[in-house]
Amino acid sequence: MFFADYHLHTNFSSDAVASPEEMVKAAVEKGLSEVAFTDHVDYDYPDDDSIFMIDYDKYFSVFEDIKNCYSDKINIKIGVEIGLQEHIKDRIEEFIAKYPFDFIIGSSHCADRMNLMKPDFFVSRTKVQAYTRFFENELANAKIYENINVYGHLDYISRYGIYEDNRLFYSDYVEILDEILKALIKTGRGIEINTSGYRYGMNTVYPQFEIIKRYKELGGEILTIGSDAHSTGYIADHFDTALNLAKEAGFGYLTSFAGRKPEFKKI
Ligand SMILES: [Zn+2]
Ligand SMILES: [Zn+2]
């Protein structure tokens with residue numbers, strides 16, 4: 001069976017602790033057949049532009065060595081998780097074109113050029129207003145970033161809300177989410193099921209099931225599952241749950257990527 005973790009960070013990302021080799025060894029021990037490393041690139045990250053900068057020449061050379069070393073045990077894909085913001089499109093396109101990535105996750109870690117880990121984005125808005133505005137940012141990104149393969153943790157905003165009840169109720173955002181999903185589907189882009197919610201105590205995957213199901217209903221085919229692990233212990237965390245949700249949503253396949261081209265693998 002195709003058992004692949006398509007969202008992993010190493011200590012090339014400043015917020016992760018394990019080396020690439022430690023992550024690969026742990027993935028092999030967990031029985032994974034494939035992994036995609038997707039360290040962070042976040043240009044113009046509000047408050048601090050220096051924390052997410054990686055030396056990609058070094059990155060590719062380190063990973064090529066590890067790929068060769070472990071080629072009989074596991075398929076290793078070299079990817080990236082890019083923080084999308086409308087105003088940095090040229091910089092991102094230039095970066096993507098420069099390196100031979102297998103796989104690209106585009107994610108929203110900011111909205112309206114604000115850091116979502118701080119309250120500023122939320123303080124003057126109700127929950128529905130803030131979450132809707134976040135999705136408007138994602139829609140704008142979905143329309144212009146045609147070179148990403150999947151949009152990461154699509155409803156992540158609920159992790160950062162400052163409200164008494166931060167839960168996101170799908171029915172409040174049906175129209176805007178449909179627009180995002182349709183924009184992605186139109187150009188062969190997908191979504192991921194990100195299981196990191198479990199380690200943050202949210203007891204859910206991102207995005208929630210209704211959104212995964214709706215993506216499929218609208219004709220979406222490209223789906224990956226990723227733990228977003230920043231250390232070895234969380235590799236493939238809650239993948240049973242994620243696989244079941246994928247099947248329940250109607251997916252018979254997950255997507256593997258090589259040179260950013262999709263290949264469908266039965267689940
Ligand atoms: Zn992310
Ligand atoms: Zn991530």
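The values are calculated or read from the model by the stated rules, or taken from the named source; none is laboratory data. Just so it is clear, the structure is predicted and the values come from calculations on it, not from any experiment. Here Cβ is always computed from backbone atoms with ideal geometry, including for glycine, and neighbour counts include all displayed protein chains.
Among the residues of the stretch 177-186, is any at pLDDT below 95 and either small (Gly, Ala, Ser) or closer than 17 Å to Ala249 by Cα (or both)?
Within the stretch 177-186 (the criterion being at pLDDT below 95 and either small (Gly, Ala, Ser) or closer than 17 Å to Ala249 by Cα (or both)), the answer is no, since none of the residues qualifies.
Quickly run through the stretch 106-132 and pick out the residues that are more than 16 Å from ligand 2 (Cβ to nearest atom) and either under 14 Å from Asn147 (Cβ atoms) or aromatic (Phe, Trp, Tyr) (or both).
Selection gives Phe121, Phe122, Tyr131.
Which residues, taken from the stretch 251-267, are more than 20 Å from Ile76 (Cβ to Cβ), in a strand (DSSP E or B) and either among the polar types (S, T, N, Q) or out of contact with any Gly (no Cβ under 8 Å at 6 or more places or on another chain) (or both)?
Of everything in the stretch 251-267, just one residue is more than 20 Å from Ile76 (Cβ to Cβ), in a strand (DSSP E or B) and either among the polar types (S, T, N, Q) or out of contact with any Gly (no Cβ under 8 Å at 6 or more places or on another chain) (or both), namely Tyr253.
Considering only the stretch 236-250, how many residues are more than 16 Å from ligand 1 (Cβ to nearest atom) and either in contact (Cβ under 8 Å) with a residue 60 or more places away in the chain or not in a helix (DSSP H, G or I) (or both)?
Matching residues across the stretch 236-250 total 5.
Which one is modelled with the lowest pLDDT among residues in the stretch 1-58 that are surrounded by 16 or more Cβ atoms within 10 Å (Cβ to Cβ), under 14 Å from Ile82 (Cα atoms) and among the acidic types (Asp, Glu)?
Asp42
Does Asp228 satisfy the condition of being crowded, with 22+ Cβ neighbours inside 10 Å and touching a residue at least 40 places away in the same chain (Cβ under 8 Å)?
Against the criterion (crowded, with 22+ Cβ neighbours inside 10 Å and touching a residue at least 40 places away in the same chain (Cβ under 8 Å)), Asp228 qualifies.
So in the stretch 87-142, with the set limited to residues that are part of a loop (DSSP other than H, G, I, E, B) and touching a His at 6+ places or on another chain (Cβ under 8 Å), which one is farthest from ligand 1 (Cβ to nearest atom)?
Per the criteria, the residue is Arg113.
Which members of the stretch 1-59 meet the condition of being farther than 17 Å from Arg91 by Cβ, in a strand (DSSP E or B) and out of contact with any His (no Cβ under 6 Å at 6 or more places or on another chain)?
Scanning the stretch 1-59 gives Ala4, Asp5, Tyr6, His7, Leu8, Glu34, Val35, Ala36, Phe37.
Within the stretch 57-105, which residues are within 16 Å of ligand 2 (Cβ to nearest atom), more than 22 Å from Phe2 (Cβ to Cβ) and aromatic (Phe, Trp, Tyr)?
Across the stretch 57-105, the qualifying residue is only Tyr59.
Each row is one residue, and each column tells you yes or no for (1) crowded, with 16+ Cβ neighbours inside 10 Å; (2) among the charged types (D, E, K, R); (3) farther than 23 Å from Glu175 by Cα.
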residue	(1), (2), (3)
Glu217	no, yes, no
Leu223	yes, no, no
Ser256	yes, no, yes
Lys261	no, yes, yes
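Out of Ile191, Ile225, Ile157, report the one residue that is under 16 Å from the mean Cα position of the chain (by Cα), under 28 Å from Ala26 (Cα atoms), within 14 Å of ligand 1 (Cβ to nearest atom) and not in a loop (DSSP other than H, G, I, E, B).
It is Ile191.
So in the stretch 102-127, with the set limited to residues that are out of contact with any Phe, Trp or Tyr (no Cβ under 8 Å at 6 or more places or on another chain) and aliphatic (A, V, I, L, M), which one is surrounded by the most Cβ atoms within 10 Å (Cβ to Cβ)?
Ranking the candidates gives Ile104 first.
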